[in-house]
């Protein structure tokens, strides 16, 4: 019992120590010559046109929530597909019910304009 | 090959979910239809009809499934008769809320489809808790129930108070949820089971029932559930959330989540932690006295009737906790849990009724302060009479429903040997008469201050009428209803 926790503790310490070691080696070894161009958020990318502290439109939030929902659907679908043979008809019915409920939510979101980007 | 995912599910298992499936159908239909059809009075009427028949169907289905206690889904759920009783109370409170919402919500420019859908989801969560015999199912049900209510509390999204109250409710409730699940984790850690019957069986074999781990588990569970039931000192969110929410929502959230919380309390503390009775009863007694005292005393100072009813709903939690404190053992001769069940039943009708009249008043261009009730008996006598009826019932005036609810609680307390607790209930009921009857006095003796502006309120009449009838009729029939509660509880 205690041994198991000791292993976890050793792992935590190893990870912390190793991370600190690598970072400090980097600081000691790498050259440091900052230029304004290098300090941009996307170096070698499109130049910033406004500061990053600006406000975001809440549409991102709606899209993110919708994304999470369908992401979770996919997460449920994978194990179901793997175990499809064992689950049989029961699994199929359950999954169809699940997807129908999700589709109603999808239709609702679509109909209420959550997917439109004006 | 050994089948690792084999779950022994039969069609019988799904039978216990028929009432839940009907409410789920209501939620999906109202959501879908509300989004597809263009807003019109016809659409709103159709949505209301779907909801009304859905809840009626769920109540009838639950009642048809009584008398044959079956556990299903490998012991996760059971539709025993106590579950049926609680399901009927929760579905009935949703039904009554529909009646007082049908015209108020569209009149205040809120989308009715989403409103009914969230109402149904919250009801579904409560019903799941009522028929759950497993800590995990109880948790899922409580979350479904409260998440929907958070959104409903913020439904008047252009009003600052609504957002503020909903945010407070959301944050404190999330906090309580964390405590609750921590308590469940400790319970599981000590007993090694999440099924409440297993927990009870294992606890009964323990020699040392005052082990710190067990006490911690019980404490965390009581704190978490106390938050959801709005018991003092975990009531901080209640007044603001109740006052900020649209009045029909307040009516619903003062009843359904509370009944849900009590369903969880009955399942967890009585069915699961029953063997630890001697450890948790003192705690429940302290909570009940604090809750009754603070709820009743602070309600006196309120000029706003909505806020006053919020504090009064805290006080009613206290009365219900008194019934719980009288618990001795599951089985014959124990009047405590039937009295709690009956109190929940009674509370649903009279409290939604009182909030209903308030919503009616707001729909007719009035505010919610006590001055808005001045002379209502002259300008709108049926509504004034209904309000007086509900308030008398909340005070506990015989022969109304509220009187019998309190009577059975007091009886249970005395039988359990807590005579002093019964005296506290009576004294604080006398205090409550002051603030309830002040509204009645304003309605009947105050000078009429402008007639209410007319508005279409067809459903209101039906709903308020049904509630007045129930408060009177079930008051007279309280004996049979309590017998039913007792008999159904004994079938546990």
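Just so you know, all these numbers are worked out from the coordinates, no wet-lab data involved. All figures in this text were calculated on a predicted structure; none of them were measured in a lab. Cβ: placed from backbone, ideal geometry, glycine included. Neighbour counts: every protein chain shown.
Starting from the Cα of residue B:45, step 7 Å along the direction of its Cβ; do the same at residue A:39; then give the gap between the two resulting points in nm.
6.9
Hey, fewest Cβ within 10 Å first, where do A:61, A:56, B:182 land in order?
Going from least to most buried by this count: A:56, A:61, B:182.
To the nearest 0.05, what FRET efficiency results for residue B:70 and residue B:277 with a Förster distance of 30 Å applied to their C-beta separation?
For R0 = 30 Å, the calculated efficiency reads 0.65.
How big is the C-alpha Rg of chain A next to the rule-of-thumb value 2.2 N^0.38 Å, as a ratio?
Ratio of Rg to 2.2 N^0.38 Å for chain A: 1.82.
Distance from the Cα centre of segment B:160-216 to that of segment B:297-371, in angstrom?
25
How much length, in nm to one decimal, is gained on full extension between residue B:487 and residue B:15, taken as 0.36 nm per residue of separation minus their Cα-Cα distance?
Difference between extended and current length: 167.7 nm.
Going by C-beta contacts inside 10 Å, put B:278, A:50, A:73, B:143 in order with the fewest on the left.
The most exposed by this proxy come first: A:50, B:278, A:73, B:143.
Is the shape of segment A:1-64 best called rounded, prolate or oblate, per the rule: a/c under 1.5 gives rounded, else a/b larger than b/c gives prolate, else oblate, with a ≥ b ≥ c the square roots of the Cα gyration tensor eigenvalues? Mind showing how you got there, number by number?
Numbers: a/c = 5.32, a/b = 1.51, b/c = 3.51.
The shape class here is oblate.
Roughly what angle does helix B:381-395 make with the longest principal axis of chain B, taking Cα atoms, 0 to 90 degrees, to the nearest 10?
Roughly 30 degrees, rounded to the nearest 10.
So for chain B, averaging the separation of alpha carbon pairs under 8 Å that are six or more residues apart and normalising by length, what relative contact order in percent results?
After rounding, I find 15 percent.
Please report Rg (one decimal) and Dmax (integer) in Å for the Cα set of segment B:328-462.
Rg, Dmax (Cα atoms, Å): 17.8, 57.
Okay, which of segment B:56-88 sit inside 14 Å, backbone N to the point 7 Å along the Cα-Cβ direction of residue B:140?
B:72-78
Once you place label points 7 Å from the Cα toward the Cβ at residue B:469 and residue B:407, how far apart are they in nm?
2.3
Calculate, for residue A:69 and residue B:419, the FRET efficiency according to 1/(1 + (r/R0)^6) with r their C-beta to C-beta distance and R0 45 Å; round to the nearest 0.05. Show your work: numbers first, answer last.
On the way: r = 55 Å, r/R0 = 1.23.
Step by step, r from the Cβ atoms, then E = 0.20.
Please compute the modelled spin-label separation between residue B:303 and residue A:59, points set 7 Å along Cα→Cβ, answer in nm with one decimal.
For the pair residue A:59/residue B:303, the computed spacing is 4.7 nm.
Just need log10 I(q)/I(0) for segment B:182-247 at q = 0.18, 0.20, 0.21, 0.27 Å⁻¹, Debye formula, equal scatterers on the alpha-carbon atoms, no solvent, rounded to two decimals.
For the requested q values the scattering log ratios are -0.71, -0.79, -0.84, -1.13.
If one computes P(r) from the Cα atoms of segment B:68-125, what percent of pairs lie at distances over 14 Å?
Taking all Cα-Cα pairs of segment B:68-125, the fraction more than 14 Å apart is 64 percent.
Using only C-alpha atoms and all pairs of different ones, pull out the Kirkwood radius for chain B in Å with one decimal.
It works out to 22.5 Å.
For a footprinting-style exposure proxy, rank B:99, A:60, B:73 by other Cβ within 10 Å, fewest first.
Listing B:99, A:60, B:73 from fewest to most nearby Cβ atoms yields A:60, B:73, B:99.
Report P(r) for the protein assembly as shown: all Cα-Cα distances, bin width 20 Å, range 0 to the bin holding the largest distance, values in whole percent.
Going from the shortest bin to the longest, the percentages are 18, 49, 26, 7, 0.
Relative to the longest principal axis of the C-alpha atoms of chain B, give the angle of the C-alpha long axis of helix B:135-153, reported between 0 and 90° and rounded to the nearest 10°.
Compared with the principal axis, the helix lies near 20 degrees.
Using the C-alpha atoms of segment B:423-477, what convex hull volume per residue, in cubic angstrom, is computed?
Given the Cα convex hull of segment B:423-477, per-residue volume reads 116 Å³.
Express in % the proportion of alpha carbon pairs of segment B:270-391 at distances exceeding 18 Å.
The proportion of pairs with Cα distances above 18 Å equals 60 percent.
In degrees, nearest 10, range 0 to 90: what is the angle between the Cα axis of helix B:277-300 and the longest Cα principal axis of chain B?
Result, in degrees: 10.
Convex hull over the Cα atoms of segment A:61-118, averaged projected area in nm²?
For segment A:61-118, the mean projected area of the Cα convex hull comes to 4.1 nm².
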